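Enquirer: Encoded as structure tokens, here's the structure I'll be asking about.
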Amino acid sequence: MKILWVKAGKLLPVDTGGKIRSYNILRHLAKEHEVTLLSYYGGARDSDYEAAIAQRLPGAHTIYTAGPEGTLAQSLDYILQLPSIAPYAVRKFTDRRVRQEVARRLSDDSLDVVVCDFLSASLNFPETLSAPVVLFQHNVETMLWRRMAETEKTPLRKLSYSIEARKMSAYETRTLSRFQHVIAVSDHDRDAMLTLSPACPITVVPTGVDTEQYQVVPSVSGRPPLIVFTGSMDWEPNIDAMEYFCRDVWPAVLGAFPDARFQIVGRNPHPRVQRLASSSVEVTGTVASVIDYLRTATVVIVPLRIGGGTRLKIFEAMAMAKAMVSTSIGAEGLDVTHGRDVLIADNAQAFADSILLLLRDPQLRRTYEHNAAALAARFDWSQIARRFADVLREASANFRASRNPQRAAVLPVQP
């Protein structure tokens, strides 16, 4: 197949869940198909990125869109965009030059299918599509913004999130049915999207893990205990999770194991995260690789209370045979089972008790480690990319069949 993939923002470095998912699917698709990445980004011009992405994914085309830099400039831009019916999380990734380039490429009859990666890129596509376009939805954005509005305590930020949630609900509902097909990353997300747009044609392609990079490691002694969280520390759901854990859960763990340590591992820690650092809590900031931190972890946690999509960090830790404690939201969309390969806890006391259970019983912890590794091994990215390609191929065939009813009559029935 000849595939055009349109993504807002830089794809490198591969340091967030969405980037990890997109990059790994792209690199595996490129082994068997002709794939062109159209990557557009704002902020400061980055010629190193443009050269690196062209080397990693030959044929990649980048567009520099400029745009506001810094918190003050972005806040002013947000205020100026308030009258727009489109949510700011989409509007800010819309650019005239990108729209022109997308329209030009859509007119290329040799394209088999186009991927709109995330809802953020969707306004760059024309209303009437002359080629099959598949929307790759890593999150249910409406659900994400609603949760952020519900949990936010700061009045001004809560108002902003509430406005964005209302706009996102209307926009996402309209947009889901505009594309040829939609790919969700979990059954949970699919069901949530269908409540917004019941006629939306949607298929689930689950998240994956690079089992060559994240390999099983020997179980650690847990003396002293080391608890680890990994993630982008400038993302609101992760910030909220760390504040919640350090305030409501961590004291109970320290009460039982005074020598325990907690590592918050991830790029660009927000000042709210930096303030959590203490004699027992380390905020690492950007690291070359999370693998070394996962290797020495006794227990890995995902105490998310807001968010959407699926948490790749869970499969990465599981692939390395790590015992996991997560909230239901943290493990949402993953094929995990409480009591077998993960412990699910949705309040502070239960979360602390689950960690302590694993710390006090090394044999039980090793059972969870073994089960976690066995589960993750089923979701290597090479397998996920094949399923993704199958959906693209079917979407392309259905689009062309809809334009040629005689051909539609002879298309094979999908099992």
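Enquirer: I'd like to check which helices (runs of 4 or more DSSP H) are fully inside the stretch 301-398 and have at least 2 residues that are farther than 22 Å from Tyr23 by Cβ.
Expert: Where helices (runs of 4 or more DSSP H) fall fully within the stretch 301-398 and carry at least 2 residues being farther than 22 Å from Tyr23 by Cβ, they are 348-360, 362-376.
Enquirer: Which condition number in (1) crowded, with 18+ Cβ neighbours inside 10 Å; (2) in contact with a Phe, Trp or Tyr (Cβ under 9 Å, 6 or more places away or on another chain) is the one that Lys19 fails?
Expert: Condition (2) is where Lys19 drops out.
Enquirer: Now a separate question. Tell me whether the stretch 70-80 contains one or more residues that are in contact (Cβ under 8 Å) with a residue 24 or more places away in the chain and more than 26 Å from the chain's Cα centre (by Cα).
Expert: Residues of the stretch 70-80 in contact (Cβ under 8 Å) with a residue 24 or more places away in the chain: 78.
The next check asks that each one be more than 26 Å from the chain's Cα centre (by Cα); those that pass are none.
No.
Enquirer: Within the stretch 43-56, work out how many residues are touching a residue at least 40 places away in the same chain (Cβ under 8 Å) and either touching a Phe, Trp or Tyr at 6+ places or on another chain (Cβ under 9 Å) or acidic (Asp, Glu) (or both).
Expert: First, the residues of the stretch 43-56 that are touching a residue at least 40 places away in the same chain (Cβ under 8 Å): 52-53, 56.
Then keep just the ones that are either touching a Phe, Trp or Tyr at 6+ places or on another chain (Cβ under 9 Å) or acidic (Asp, Glu) (or both); that gives 56.
Residues meeting the conditions: 1.
Enquirer: Which one of these is of a type in the set (A, V, I, L, M), under 20 Å from Ala121 (Cα atoms), out of contact with any Leu (no Cβ under 7 Å at 6 or more places or on another chain) and outside any strand (DSSP E or B): Ala44, Ala73, Ala86?
Expert: It is Ala44.
Enquirer: Regarding Val336, is this residue within 17 Å of the chain's Cα centre (by Cα), modelled with pLDDT under 95 and under 30 Å from His188 (Cα atoms)?
Expert: Numbers: within 17 Å of the chain's Cα centre (by Cα): no; modelled with pLDDT under 95: yes; under 30 Å from His188 (Cα atoms): yes.
Considered against the rule, which asks whether it is within 17 Å of the chain's Cα centre (by Cα), modelled with pLDDT under 95 and under 30 Å from His188 (Cα atoms), Val336 comes out as no.
Enquirer: Give me the pairs, please: first residue somewhere in the stretch 332-344 and under 19 Å from Leu356 (Cβ atoms), second residue anywhere and β-branched (Val, Ile, Thr) and surrounded by fewer than 24 Cβ atoms within 10 Å (Cβ to Cβ), beta-carbon distance under 6 Å, and either six or more positions apart or on two chains.
Expert: His338/Ile344; Val342/Val336
Enquirer: If you check Thr62 against the conditions, is it assigned to a helix (DSSP H, G or I) and of a type outside the set (Asp, Glu)?
Expert: Considered against the rule, which asks whether it is assigned to a helix (DSSP H, G or I) and of a type outside the set (Asp, Glu), Thr62 comes out as no.
Enquirer: What helices (runs of 4 or more DSSP H), lying completely within the stretch 243-295, carry at least 1 residues that are within 27 Å of Val217 (Cα to Cα)?
Expert: 250-256, 291-295
Enquirer: OK, next. When you check Val410 against the structure, is it β-branched (Val, Ile, Thr) and modelled with pLDDT under 95, yes or no?
Expert: Working: β-branched (Val, Ile, Thr): yes; modelled with pLDDT under 95: yes.
Yes: the conditions hold for Val410.
Enquirer: Okay, next question. Name the pairs: first residue in the stretch 262-278 and exposed (fewer than 13 other Cβ atoms within 10 Å of the Cβ), second residue charged (D, E, K, R), Cβ to Cβ under 6 Å, at least 6 apart or on different chains?
Expert: Asn268/Asp234
Enquirer: Only one of Tyr161, Tyr171 is over 28 Å from Ile291 (Cα atoms), touching a Phe, Trp or Tyr at 6+ places or on another chain (Cβ under 7 Å) and among the hydroxyl-bearing types (Ser, Thr, Tyr); which?
Expert: Result: Tyr161 is the single residue among Tyr161, Tyr171 that is over 28 Å from Ile291 (Cα atoms), touching a Phe, Trp or Tyr at 6+ places or on another chain (Cβ under 7 Å) and among the hydroxyl-bearing types (Ser, Thr, Tyr).
Enquirer: Would you pick out the residues in the stretch 273-294 that are over 24 Å from Pro251 (Cα atoms) and of a type outside the set (A, V, I, L, M, F, W, C)?
Expert: Residues satisfying the conditions are Thr286, Ser289, Asp292.
Enquirer: Now for a different question. Of the residues in the stretch 109-145, how many are in contact (Cβ under 8 Å) with a residue 60 or more places away in the chain and among the charged types (D, E, K, R)?
Expert: The number of residues fulfilling the criteria is 3.
The values are calculated or read from the model by the stated rules, or taken from the named source; none is laboratory data. The model shown is predicted, which means the values in this text are computed figures rather than measured ones. Counting neighbours? That spans all protein chains shown, and the Cβs are built from the backbone with ideal geometry, glycine included.
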